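**Student:** Here you go, one structure.
The values are calculated or read from the model by the stated rules, or taken from the named source; none is laboratory data. Predicted, not measured: the structure shown is a model, and the values here were computed from it. A quick note on method: Cβ atoms are made from the backbone with ideal geometry, for glycine too, and the neighbour counts reach across all protein chains shown.
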Amino acid sequence: MRLAYDEGVAHPTNTQFAVAVHVLTLLGGAPEQVLSSELLAGSVGANPVHVRRVLGALRRAGLVTSRPGVHGGWQLVRAADTLTLGDVWRAVQGNDPLLGLHGAAPACIVGQRIQHALSHVDRRAARAVEQELAHTTIGDLARDTRARELEAPPTSPQGARQHRAVPELASRR
């Protein structure tokens, strides 16, 4: 989880949706290939463990499949043009509140009522987000970002990040 800053006040930001869209776009750009979580994490710029957690949620939702072993990795289960951002949102967000509702003090009558009122607003907002996200597919993003030209920031032996074309993808085409 990262912190976002708004007018000097820090609040947590969940990056799972953005990470999921990023890795799915990479997979959509190379549908015939199996991509490792290390390669995906290198492109995302995130810890491979975090990326694997996000991929696990996508696998449970039936959006990706994995193959274990030395030549293992991840692939989309269906065509990128049939996978919407709404599908991705539901896979990583589930039924979690969009607005980050808090638990009010049990003795506060206004707190109890506001929770009820906000939960209805939250569900309407979540439906609106899903409806908007349904208009964009992973295929759209793969084309827009030219994901077939994947570049990842692999780590050099000295630990420094370097940008270059990923040879695994270039050599398999």
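**Student:** When both residues are 6+ apart or on different chains and their Cβ atoms are under 7 Å apart, which pairs have a first residue that lies in segment 107-127 and is in contact (Cβ under 8 Å) with a residue 24 or more places away in the chain, and a second that is surrounded by 14 or more Cβ atoms within 10 Å (Cβ to Cβ)?
**Tutor:** Asp122/Pro97; Asp122/Leu98; Asp122/Leu101; Ala125/Leu98; Ala126/Leu98
**Student:** Considering every residue within segment 74-96, establish whether at least one is loosely packed, with under 11 Cβ neighbours inside 10 Å, β-branched (Val, Ile, Thr) and either within 17 Å of the chain's Cα centre (by Cα) or over 22 Å from Val21 (Cα atoms) (or both).
**Tutor:** Within segment 74-96, not a single residue is loosely packed, with under 11 Cβ neighbours inside 10 Å, β-branched (Val, Ile, Thr) and either within 17 Å of the chain's Cα centre (by Cα) or over 22 Å from Val21 (Cα atoms) (or both).
**Student:** Another question, then. Anything in segment 45-68 that is of a type in the set (Lys, Arg) and either in a loop (DSSP other than H, G, I, E, B) or over 14 Å from Thr15 (Cβ atoms) (or both)? List them, or say none.
**Tutor:** The answer is Arg52, Arg59, Arg60, Arg67.
Every residue, every condition in (1) at pLDDT below 90; (2) under 16 Å from Gln93 (Cβ atoms), yes or no:
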position: Ala10; (1), (2): yes, no
position: Ala18; (1), (2): no, yes
position: Leu27; (1), (2): no, no
position: Leu35; (1), (2): no, no
position: Ala41; (1), (2): no, no
position: Ala57; (1), (2): no, yes
